[in-house]
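Below you'll find the structure, written out as structure tokens, and then a few comments.
The values are calculated or read from the model by the stated rules, or taken from the named source; none is laboratory data. Predicted, not measured: the structure shown is a model, and the values here were computed from it. Note that we place each Cβ from the backbone using ideal geometry, even for glycine, and neighbour counts take in every protein chain shown.
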Amino acid sequence: MSAPAPTAHSSVFAIQVIGGLVGLLVLAYLGGHRRVVRFQERLGLGGVITAGFPFVALGLVASWPSIGILGPEVIDRLRPVLHFGLGWLGFVIGAQLDIRVLDRVPRGTAYLLVVEALAPFAITAAAVGAVMIALGLAWDDPAVWRDIVVLGAAAAMTAPRKFRGFANHSWREGRGVDVLFAQLDEVVGVIGLLFITAYVRDDASGTWNLPGTAWVFVSLGLGVAIGVLFFAMVRVPVSNAEFLAVVLGGIAFASGLAGQLQLSPIAVCFVAGVVVTNFPNDQRDNLFRILRHLERPVQLVFLLIAGAVWRPDDGRGWLLVPLFVAGRVAGKWVGVQVSRAVVGARLPPGFADRRQLIAPLSGLSIALVISVPSLSSDAGLPWVVTAVIGGAIATELLIRDRDGAPGAPALRVTGGRVHQDSAAPIDELDDPGSGSGPVAGPIYRDESAPVAGPRRGPR
Amino acid sequence: MIPLLLLFAIAGLMQAARSFTTSAGATELAFGFLLLTAYFTARLVQHIGLPRLTGYLLAGVLAGPFVLALVTREMTESLRVVNGVATCILGLTAGAELNLARIRPVMATLRAVMVLAVLGAIVVLAVALYALSPVLPLFDGLASGPTLAVCAVIAVGMAPQSPSVVMALLAETRAQGPLSEFLLAEVVVADLVVVVCYALVAALAGSVLGGELDVGALALSVGWELVGSIGFGIAIGVLIGAFVRSVARGAALFALLVCVVVAEIGSRVHLDPLIVMLAAGIWLENFSRADASALLHGFESAQLPVFLVWFALSGTRLDLVQLWALVVPVLILAAARAGWFFVGSRIACAITGAPRAIARSGWIGLWPQAGLSLALITVLPSNFPSFGRAAAAMILGLLGVNLLVSPVVLRGALIRSGEAGKKPAADFAAR
């Protein structure tokens, strides 16, 4: 029931909104239509942004002032959904980290990982930051530095999986060393976030006055406490619907607690996820099934919001795109060279030097960019969003050209030189416990494999 | 024991986090907290034979702003979007449960129940309120004409039913059969009847009370809300049907997107999201060429979190102190309402020769009260500034009693009817 009578103004608004709604739904319809999906598959589009582009477009259209569905006010109202999504993402990354896998990676991997993450971060941040300041942003503005750090972090993270679009199949997981590194990249990113939110925080609105290091321990302690709580909670449900309620509620509660304490929901939920899946737990399969069920909707919400805060009409953002892409490739090349020179001899053959230079952008990068507060008031942030979305599209198209076209060989680094490798082998880490399969972390689990039902049957 | 310990742990963490800052927001915190506490409270009350729904409501009442204040009024306000989306999902699922072909044999009973039980209850409640008016402060200083007008408005506000409660209990008991179908149809149609009644009575009362209300504007508004919502809902139903036919994959996600959009813009353009999605569901089930059963099955199986949050949020709005202050008149009115539903329905069933199960238990479906009454509580103070707030408090008191008592009775009736447990369990992950 709504009391006020429709006025002329509200009628115009109603027509606008209904028009916008129809536009949105038509876009969603087209995005999932069989022909569009077939066309997308023919083009070989499987990256987060290209395959999910209908949703980015949806967000973009919905944010136009003439439609006004996803205006700044609504985006602010959607912030809790965003927080939930970030918490969910952190939980998934944590839950997929099977600590036993770390025992099986060769010595020197940590060095490789840090250098290969730091080089793209530093090169991209330096190049893009210089251009942003040259374009007129104040170098002494802390928001600019935050944007540069965010952009560098986004550049450093690569995607472990392929995305198959709106109404198509769900994520398709990759395999091999690059995928392992992509997962560990994300873990490094999460740990970085843990420290950033502990040391760079505004305590004015809070009542606890703690030093930055104490906030690191608060984050870890909260994550462990929630993990233990989660571990106990998932043993109660007797049906999948109840399991869904507990998982949804648990992640929302954990994200909310983190948000309330001005900590990173990604970092806190990551710790909780690690605790839940690394304790002996007969509910792991059920947990992953629910997490997978929510994976695509959460990713689509990120894409929708990314589209809504995207300002593609600002040409300065597009100037950053080539720098972003080139910075990532150059950074990766530098990282591979340095790590090959320093620890290459200690690693198994092909581990340090047969690496993909062009890797798709992680979904976490997009989440990271749109999770920055004050999306509407930060002058440089629209450029950053354009750089990340444009960079992701450009990278995914380059990968399509590399992998998708028949006979197109992969671009690889071997022996210090970039060359094309027509064999395009996929490196795999053999799991001594499970034969010749890939690493036995949950991320490698085959989605089509049958999973056990709930511990007890539904009533 | 484990649910109780978990409840203490969750409440402890919530209390600790809230000691850091009292700032508004924290929507996802409130959402997660209510979801978990409602679920574990339901597990506890199940042990003493109460419906889980009572647990959801109790969790909301205890955690809400009037008891432990772990969930503040600002938090419940910030969950309005979640509540709106939940309402849309419930509406779509309820509409899709209404198969007109199966209801046709009891259509005469349905019509008679609407006239005798629902409209009759409005009259009975108005008379009861008029009889109580000398002891109720909100009628102080009113002449008999305006008193009658105010009684009529409040009586309409007290009459609505709750498709959500009926759906939640049908889902909980997995009931399927003629009584279950009749109950759902009855409450959906009764809510529409009450919406129309509110438009007429509010317009009439406005003219009697003099100048407080723009009668034409209200009539236009409610007309737009009802007819516009149905029209818009049919359009949504056509769209979802087209999606299911042409795309199929991702239909549940698409329908969820539609629910979010309808919840977000519905109130802005003065459409009722519940009616919109009810109409969409009815269209899909009865008129669309698309087979939307898979889509609706997906919605059904994931509806538990929706119920948990929706009812826990309803619970947070129940002010026990205020209810206690009005306990005597509220109990009299609750008895009059339930009593007339029993009498009116029995008469309607006897006249139309309804099946035995419907004649015996059909009236119980009319008893629960939730969504529409809550909406009326919100609009009454703005429509009638002179008495709206006091009337809303009284309706809220009645709603509290009905919400806490009626699920127990309805669950018992469904179990006694033999329809409980006949519907196959719907688990999305089992597919």
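Selection of region A:219-241 for residues being more than 24 Å from the chain's Cα centre (by Cα), in a helix (DSSP H, G or I) and touching a residue at least 12 places away in the same chain (Cβ under 8 Å) yields A:VAL228, A:LEU229, A:PHE231, A:MET233, A:ASN240, A:ALA241.
Restricting to region B:21-52, and then to whatever is surrounded by 24 or more Cβ atoms within 10 Å (Cβ to Cβ) and not in a helix (DSSP H, G or I), can you tell me which residue is nearest to the other protein chains (Cβ to nearest Cβ)? Restricting to residues being surrounded by 24 or more Cβ atoms within 10 Å (Cβ to Cβ) and not in a helix (DSSP H, G or I), the top hit is B:ALA26.
Return yes or no: is A:GLY23 surrounded by fewer than 20 Cβ atoms within 10 Å (Cβ to Cβ), modelled with pLDDT under 75 and at positive phi? No, not satisfied.
What about B:GLY55, is it away from every other protein chain (no Cβ under 11 Å), assigned to a loop (DSSP other than H, G, I, E, B), free of Cβ contacts under 8 Å to residues at least 24 places away in the same chain and under 30 Å from B:LEU179 (Cα atoms)? For B:GLY55, the condition - away from every other protein chain (no Cβ under 11 Å), assigned to a loop (DSSP other than H, G, I, E, B), free of Cβ contacts under 8 Å to residues at least 24 places away in the same chain and under 30 Å from B:LEU179 (Cα atoms) - is not met. Sort out which residues of region A:352-378 are assigned to a loop (DSSP other than H, G, I, E, B) and at pLDDT 60 or above, and write them in order of number. Of everything in region A:352-378, those that are assigned to a loop (DSSP other than H, G, I, E, B) and at pLDDT 60 or above turn out to be A:LEU357, A:ILE358, A:ALA359, A:PRO360, A:SER362, A:SER371, A:VAL372, A:ASP378. Note on region A:201-248: residues that are more than 18 Å from A:THR277 (Cβ to Cβ), among the small types (Gly, Ala, Ser) and touching a helix residue (DSSP H, G or I) at 6+ places or on another chain (Cβ under 6 Å) total 5. Every condition in (1) touching a residue at least 24 places away in the same chain (Cβ under 8 Å); (2) in contact with an Asp or Glu (Cβ under 8 Å, 6 or more places away or on another chain) is met by A:LEU300 except one, and the failing one is (2). Looking across region B:171-184, the residues that are more than 14 Å from the chain's Cα centre (by Cα), assigned to a helix (DSSP H, G or I), at pLDDT 85 or above and of a type outside the set (Ser, Thr, Tyr) come down to B:PRO178, B:LEU179, B:GLU181, B:PHE182. Restricted to helices (runs of 4 or more DSSP H) entirely inside region B:261-334, those with at least 1 residues that are modelled with pLDDT of 80 or more are B:273-286, B:303-316, B:320-325.
Take the residues in region B:43-52 that are free of Cβ contacts under 8 Å to residues at least 40 places away in the same chain and not β-branched (Val, Ile, Thr); name whichever of them is nearest to B:GLU172 (Cα to Cα). Don't jump to the end; show me each part of the working.
Our first condition is that a residue be free of Cβ contacts under 8 Å to residues at least 40 places away in the same chain; within region B:43-52, this holds for B:45-49.
Subset that is not β-branched (Val, Ile, Thr): B:46-47, B:49.
On the way: B:GLN46: 11, B:HIS47: 15, B:GLY49: 13 Å.
Here the answer is B:GLN46.
When residues of region B:209-227 are filtered for being more than 9 Å from chain A (Cβ to nearest Cβ), modelled with pLDDT of 70 or more and assigned to a helix (DSSP H, G or I), how many remain? Can you show your working first?
In the first step, residues of region B:209-227 are kept if they are more than 9 Å from chain A (Cβ to nearest Cβ); the result is B:209-213, B:215, B:223, B:226-227.
From the residues that got through so far, the ones that are modelled with pLDDT of 70 or more too are B:209-210, B:223, B:226-227.
Filter once more, keeping what is assigned to a helix (DSSP H, G or I): B:209, B:223, B:226-227.
So the answer is 4.
Looking across region B:1-17, the residues that are under 15 Å from A:VAL268 (Cβ atoms) and either in contact with a Ser or Thr (Cβ under 8 Å, 6 or more places away or on another chain) or of a type in the set (Gly, Ala, Ser) (or both) come down to B:ALA16, B:ALA17. Of the listed requirements (1) away from chain A (no Cβ under 13 Å); (2) crowded, with 24+ Cβ neighbours inside 10 Å; (3) of a type in the set (Ser, Thr, Tyr); (4) over 30 Å from B:TYR39 (Cβ atoms), B:SER180 misses just one: (4). Filtered by the rule that a residue be within 14 Å of chain B (Cβ to nearest Cβ) and among the acidic types (Asp, Glu), region A:265-315 gives A:ASP285, A:GLU295. Given the criteria crowded, with 16+ Cβ neighbours inside 10 Å, within 11 Å of chain A (Cβ to nearest Cβ) and either assigned to a helix (DSSP H, G or I) or out of contact with any strand residue (DSSP E or B) (no Cβ under 9 Å at 6 or more places or on another chain) (or both), does B:LEU13 qualify? Yes. Based on this model, can you work out whether B:ILE103 counts as part of a helix (DSSP H, G or I) and buried (at least 24 other Cβ atoms within 10 Å of the Cβ)? Considered against the rule, which asks whether it is part of a helix (DSSP H, G or I) and buried (at least 24 other Cβ atoms within 10 Å of the Cβ), B:ILE103 comes out as no. For region A:220-227, the criterion of being surrounded by fewer than 18 Cβ atoms within 10 Å (Cβ to Cβ), of a type outside the set (Val, Ile, Thr), within 14 Å of another protein chain (Cβ to nearest Cβ) and within 21 Å of B:ALA312 (Cβ to Cβ) is met by none of the residues. Right, B:LEU399: in the same structural domain as B:ASP319 (by TED's automatic domain parsing), of a type outside the set (S, T, N, Q), crowded, with 23+ Cβ neighbours inside 10 Å and in a helix (DSSP H, G or I) or not? Taking the combined requirement at face value, the residue satisfies it. Residues in region B:58-74 that are surrounded by 20 or more Cβ atoms within 10 Å (Cβ to Cβ) and either in a loop (DSSP other than H, G, I, E, B) or assigned by TED's automatic domain parsing to the domain that holds B:PHE311 (or both): B:GLY64, B:LEU70, B:VAL71. In this structure, B:ARG80 does not satisfy being within 11 Å of another protein chain (Cβ to nearest Cβ) and within 22 Å of A:ASN240 (Cα to Cα).
For B:PRO368, the conditions (1) more than 14 Å from chain A (Cβ to nearest Cβ); (2) closer than 26 Å to B:GLY315 by Cβ; (3) assigned to a helix (DSSP H, G or I); (4) in contact with a Pro (Cβ under 8 Å, 6 or more places away or on another chain) are fulfilled apart from (3). The condition of being within 14 Å of chain A (Cβ to nearest Cβ), over 21 Å from the mean Cα position of the chain (by Cα) and among the small types (Gly, Ala, Ser) holds for only one of B:ALA263, B:ALA251, B:ALA292, that being B:ALA251.
For region B:322-373, what are the residues that are among the basic types (Lys, Arg) and surrounded by fewer than 20 Cβ atoms within 10 Å (Cβ to Cβ)?
Answer for region B:322-373, where residues must be among the basic types (Lys, Arg) and surrounded by fewer than 20 Cβ atoms within 10 Å (Cβ to Cβ): B:ARG346, B:ARG356, B:ARG360.
When A:GLN262 is tested against (1) farther than 27 Å from B:LEU44 by Cα; (2) more than 12 Å from chain B (Cβ to nearest Cβ); (3) surrounded by fewer than 18 Cβ atoms within 10 Å (Cβ to Cβ); (4) of a type in the set (S, T, N, Q), exactly one condition is not met: (2).
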